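The values are calculated or read from the model by the stated rules, or taken from the named source; none is laboratory data. Computed from a prediction, not measured in an experiment: that's the story for all the values here. Don't worry about glycine lacking a Cβ; one is built from the backbone with ideal geometry, like all the others, and counts go over all protein chains shown.
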Amino acid sequence: PPSSSSSSFVLSCAGEAGPFQAMELLLSACENYLSSQSPVRALPYALTCLSLCQTYHSRTTHITAMLFLCRICLSLGLISRASSLLSELKKMVVGQCPVLLQGDYHVVVAKVTLAEQNERERETKGEREREEKEGEEERRREIALQSVSCSLKKSVDFFMKLDAHKRLVEVYHLQAMVYNMRGMRGERNAASRLFRELMTKR
């Protein structure tokens with residue numbers, strides 16, 4: 001993982017660079033910290049970048065930073081905050097938005113929906129005393145997982161346009177997991193096969 005000294009160096013460089021170069025530097029650092037599973041360290045970079053975006057009206061970079069912030073919130077277990085950020089993002093993504101960002105947006109939507117469902121299941125566990133209530137929870141679960149599958153399908157469509165293999169690897173992995181949760185073995189196996197095929201090309 002990046003060290004605290006490298007963090008200070010990046011922030012120092014961002015402060016000395018022009019605003020747009022600084023935003024790119026901050027996003028790169030944020031992504032590196034998220035990749036190394038250090039969401040707390042990624043947070044100041046995302047927030048600093050968002051502040052610059054608002055000052056210099058960089059819409060695309062703003063969306064990217066917001067998506068990073070959603071991922072940070074998810075990693076920290078702040079699911080309701082991530083969901084709230086997605087509601088703000090929806091208005092920005094609809095319309096003229098780069099294809100890659102639209103794909104990224106739908107992946108995050110899928111992850112947030114899945115996290116919300118998992119949280120709901122934890123909260124209701126131990127409270128199910130009647131079969132009727134269990135049936136209701138199962139219906140809610142299936143609706144949530146259908147929504148996740150739909151978001152992942154949209155992200156695949158966007159990423160396929162750009163041959164974004166690295167992103168498709170993650171999506172196929174998520175699809176296989178969700179199909180398995182839904183008991184859809186054929187679809188799970190198909191997603192797993194696509195995942196393995198792309199992994200061999202990396």
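Just checking, does the range 79-94 include any residue being at pLDDT below 95 and not in a helix (DSSP H, G or I)? Yes, because at least one residue in the range 79-94 is at pLDDT below 95 and not in a helix (DSSP H, G or I).
Taking first residues from the range 62-81 that are farther than 11 Å from Val112 by Cβ and partners that are outside any helix (DSSP H, G or I), the Cβ contacts under 8 Å between residues at least 6 apart in sequence or on separate chains come to Ile63/Cys97; Ser75/Gln37. Answer yes or no as to whether Tyr33 is buried (at least 19 other Cβ atoms within 10 Å of the Cβ), among the aromatic types (Phe, Trp, Tyr), in contact with a Pro (Cβ under 9 Å, 6 or more places away or on another chain) and part of a helix (DSSP H, G or I). Yes.
Collect the residues in the range 141-155 that are among the β-branched types (Val, Ile, Thr) and closer than 9 Å to His106 by Cβ, keeping them in residue-number order.
Keep residues of the range 141-155 that are among the β-branched types (Val, Ile, Thr), which gives 143, 148.
Result: no residue meets the conditions.
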